[in-house]
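The values are calculated or read from the model by the stated rules, or taken from the named source; none is laboratory data. This one's a predicted model, so the numbers in the text were calculated from it and none came from an experiment. Note that we place each Cβ from the backbone using ideal geometry, even for glycine, and neighbour counts take in every protein chain shown. All accessible areas refer to the heavy atoms of the entire protein, side chains included, with ligands and DNA or RNA removed. Shrake-Rupley method; radii C 1.70, N 1.55, O 1.52, S 1.80 Å.
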Amino acid sequence: MNQAARNSSTENPNKGPDKRPDKRPTKSADQRDALLIEAALRKFLRYGMGRTTMSDIAGEAGVSRQTLYASFASKEELLRATIRYLADRNVDEITRACASTRDLGAQLDAVMLHTAIRSYDLLHASPDAHDIVSGFDAACREELTEAAGRYCELIADLLQPYAVDIRARGMSVMQLADFIQRSTLTLKHQATSRAHLDELACALKILVLNLLDLKPEQGDVCES
């Protein structure tokens, strides 16, 4: 018996291999994996990590369990792939947003939107937000660390035009980028409400702009 079949039988020993045909048309491996990850994300947000099974995800995606296991041998592997998928999407969206402006304040807004604000909204739309966060932390800490490193490098690229000013203030570009990335992560988890998160994100942005003697855009005033 192959690994996929063993996993399938282990999940529900009272049922044989799932013989249902897939409901979706044949797609490329990347397209198929994206569909499976999106289905997993919907289930995780709806029911939390612990209560979501591979069978649940297969059903949500409209595929057989064999098809799911052919792409992801375990739920932990699928969790890791989900984090990579979300990080890829965030990096792409931040990169596109920042390419359209040279204003550092607007670029920092894009970073905070895609790494903190949208994920906050997504998590808090779920009745099991705590279970989702703890599930990711327990199973996928290495993947989360890698994603954080990617965000830090992206922020460092945005700060590079200000490298001379940053060094004049006693730090390196990477030190400031790391500070911004870690602060953004903290804001996401420590904010008491969405309004509070917006205020904290604004304060962090103004702090960075003031550090570099950059004038905030009109309207960039943090409201309490």
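Is the stretch 103-125 home to any residue that is open to solvent by less than 70 Å² (accessible area, probe 1.4 Å), farther than 22 Å from A201 by Cα and at pLDDT 95 or above? No; the residues of the stretch 103-125 include none that is open to solvent by less than 70 Å² (accessible area, probe 1.4 Å), farther than 22 Å from A201 by Cα and at pLDDT 95 or above. Residues in the stretch 12-44 that are assigned to a loop (DSSP other than H, G, I, E, B) and either among the small types (G, A, S) or modelled with pLDDT of 50 or more (or both): 3 in all. Residues of the stretch 160-200 that are closer than 12 Å to V111 by Cα and over 17 Å from the mean Cα position of the chain (by Cα): A177 alone.
Yes or no: the stretch 50-70 includes at least one residue that is touching a Phe, Trp or Tyr at 6+ places or on another chain (Cβ under 6 Å) and open to solvent by less than 60 Å² (accessible area, probe 1.4 Å). Looking for residues that are touching a Phe, Trp or Tyr at 6+ places or on another chain (Cβ under 6 Å) and open to solvent by less than 60 Å² (accessible area, probe 1.4 Å), one finds at least one in the stretch 50-70, hence yes.
Provide a single number: the residues in the stretch 187-206 that are in a helix (DSSP H, G or I) and surrounded by 13 or more Cβ atoms within 10 Å (Cβ to Cβ).
Taking the stretch 187-206 first, the residues in a helix (DSSP H, G or I) are 187-190, 194-206.
Next, only the ones that are surrounded by 13 or more Cβ atoms within 10 Å (Cβ to Cβ) stay: 187-188, 196-206.
Count: 13.
What about R51, is it over 24 Å from S119 (Cβ atoms) and part of a loop (DSSP other than H, G, I, E, B)? Can you show your working first?
Working: over 24 Å from S119 (Cβ atoms): no; part of a loop (DSSP other than H, G, I, E, B): yes.
Spelling it out, it is not the case that R51 is over 24 Å from S119 (Cβ atoms) and part of a loop (DSSP other than H, G, I, E, B).
Being in a helix (DSSP H, G or I), open to solvent by 30 Å² or more (accessible area, probe 1.4 Å) and over 23 Å from R96 (Cβ atoms) is the filter here, so list the residues in the stretch 145-186 that pass it. T145, V164, D165, R167, A168, M174, Q175, D178, F179, R182, T186, listed by residue number.
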